[in-house]
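Each value in this text was obtained by applying a stated rule to the coordinates, not by laboratory testing. Remember, it's a predicted structure, so these values are computed and weren't measured experimentally. Cβ sites come from the backbone with ideal geometry, for glycine too, and all protein chains shown count toward neighbours.
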Amino acid sequence: MGCDISPLEGLLLLKQTDPEAIAAIRSTADKLRYTQAGDTVTYVINRNINFTNICEQHCSFCAFRRDDGDAGAYWLDWAQILEKSTDAVRRGATEICMQGGLNPQAQRNGKSLHYYLKLVETIKQEFPQIHLHAFSPQEVQFIARIDGLKYADVIVALRDAGVGSMPGTAAEVLDDEVRRILCPEKIDTATWLEIVSTAHKLGLPTTSTILSGHIETPEQQIGHLEKLRSLQQTAINQGYPARITEFIPLPFVGQEAPKSLRHRVGRDQPVLTDALLLTAVARIYLGNWIPNHQPSWVKLGLAGATEALVWGCNDIGGTLMEEHITTMAGALGGTCMEVETLQTAIASLGRPYQQRDTLYHRVKSS
Ligand code: SF4
């Protein structure tokens, strides 16, 4: 394991504009990827289920949310959830990724937690083998707030019902100054870190993300990486039973975002060169502690995501089967990927590919 770079060194890398320096950063990230994660590029067969887009919050980048009764508002019933799960399993999925809007009406017997548990049971009773990657730290806080519970109580109940891991979404940028503008109603930085660390303590692995390329500064990006690295160091050094499994940079797509943020950012699609530089710096910054890095083909397109595989990424993500949240924001990458398409993209780099499960165990092809 090489030395970790400091926040100041990370900042210096992120601020490079000289093409030669950027090429050296890319090459370093690619070498580290090779030593930390190997040459094989992995992928997962998974399906997204976004059970509702009715949400009480109004994040300034979100084109997905609706108020109840708005055109385009939806809330899947149990039969629809089961139907989508059955289809996912039929198509070889090992994972269902489930997240939704924060819908205060989503309750059973007067409890928000009971509604979420029913979501889990609906899938797990029928398909106990499927890995449920579900409910962001924001959703955990939402349930806890509505029902007056501790975060740990919510996490234990979801874990015991069959949730296998927690998406590290709703992180956006872990900087309260940015969050006040981007997502003022969302949990603050400390709460996000507290919920994710509690999940690790309770044996629930998480992923980690950054929403980049909007109003944040390089200093705030590095601050974000530093918080993730130290969160993972805590999980490892304290011997927690779970930790962060992967890091996914999510470049901001503004095409359909609410006007004020779109105007402030001044462009609709991510700038690939910025996204790739952050991808490489994240590998250098985090790779000793979080070896798996995944680009988002939804945000970058498949060509951009394939390019990211030589900027420090070792995984190309999932098939998704249906992607709504970023596509509604105007992303051009598509809503699903066939396994063969992902494999062909990986093979175009001359690298081997391998199906994995959510926790990066190898899946034998059937
Ligand atoms: S990002 Fe999530 S929490 Fe924010 S408005 Fe959209 S659905 Fe709601």
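Enter the Cα centre distance for the pair the range 216-243 and the range 267-297, rounded to the nearest angstrom. For the range 216-243 versus the range 267-297, the Cα centre distance is 15 Å. Placing dummy labels 7 Å off each Cα toward the beta-carbon, the span from residue 188 to residue 145 is 1.3 nm.
Placing unit charges on the Cβ atoms of the charged side chains and taking the dipole of the range 257-366 about its Cα centre, the candidate lying farthest along the positive direction among 333, 358, 295 is 295. Note on the range 7-355: with charges restricted to the Cβ of Lys and Arg (+1) and Asp and Glu (-1), its dipole about the Cα centre is near 340 debye. Sparsely packed loop sites in the range 1-80 (the GluC sites (Glu not before Pro) outside DSSP H, G, I, E and B with at most 15 other Cβ atoms within 10 Å) comprise 56. Against the longest principal axis of the chain, how steep is helix 218-237, in degrees 0 to 90 to the nearest 10, with axes from Cα atoms? Long axis of 218-237 versus the principal axis of the chain: about 70 degrees.
As a test, work out the antiparallel percent of DSSP beta bridges whose residues both lie in the chain, rounded to the nearest 5. Kindly include the intermediate steps, with their values, before the conclusion.
On the way: 3 of 28 bridges.
Roughly 10 percent of the beta bridges in the chain run antiparallel, per DSSP.
Give the angle, between 0 and 90 degrees and rounded to the nearest 10, that separates the Cα long axis of helix 78-90 from the longest principal axis of the Cα atoms of the chain. Orientation of helix 78-90: about 40 degrees from the principal axis. Scanning residues 5 or more positions from residue 353 or on other chains, those with amide H under 5 Å from its amide H are 41, with H placed 1.01 Å from N in the peptide plane. Database note for the chain: Cys without another Cys beta carbon under 4.7 angstrom, 3, 55, 97, 313, 336.
Helix 151-161 and the longest principal axis of the C-alpha atoms of the chain enclose an angle of approximately 80°.
Other residues lying with their Cβ under 13 Å from the Cβ of residue 190 contribute a combined charge of -1, Lys and Arg counting +1, Asp and Glu -1. Once the Cβ-Cβ distance of residue 234 and residue 260 is raised to the sixth power relative to R0 = 30 Å, the FRET efficiency obtained is 0.25. Considering only 28, 73, 117, the residue lying farthest towards the positive end of the dipole of the range 26-177 is 28, judged by Cα position with unit charges set on Cβ.
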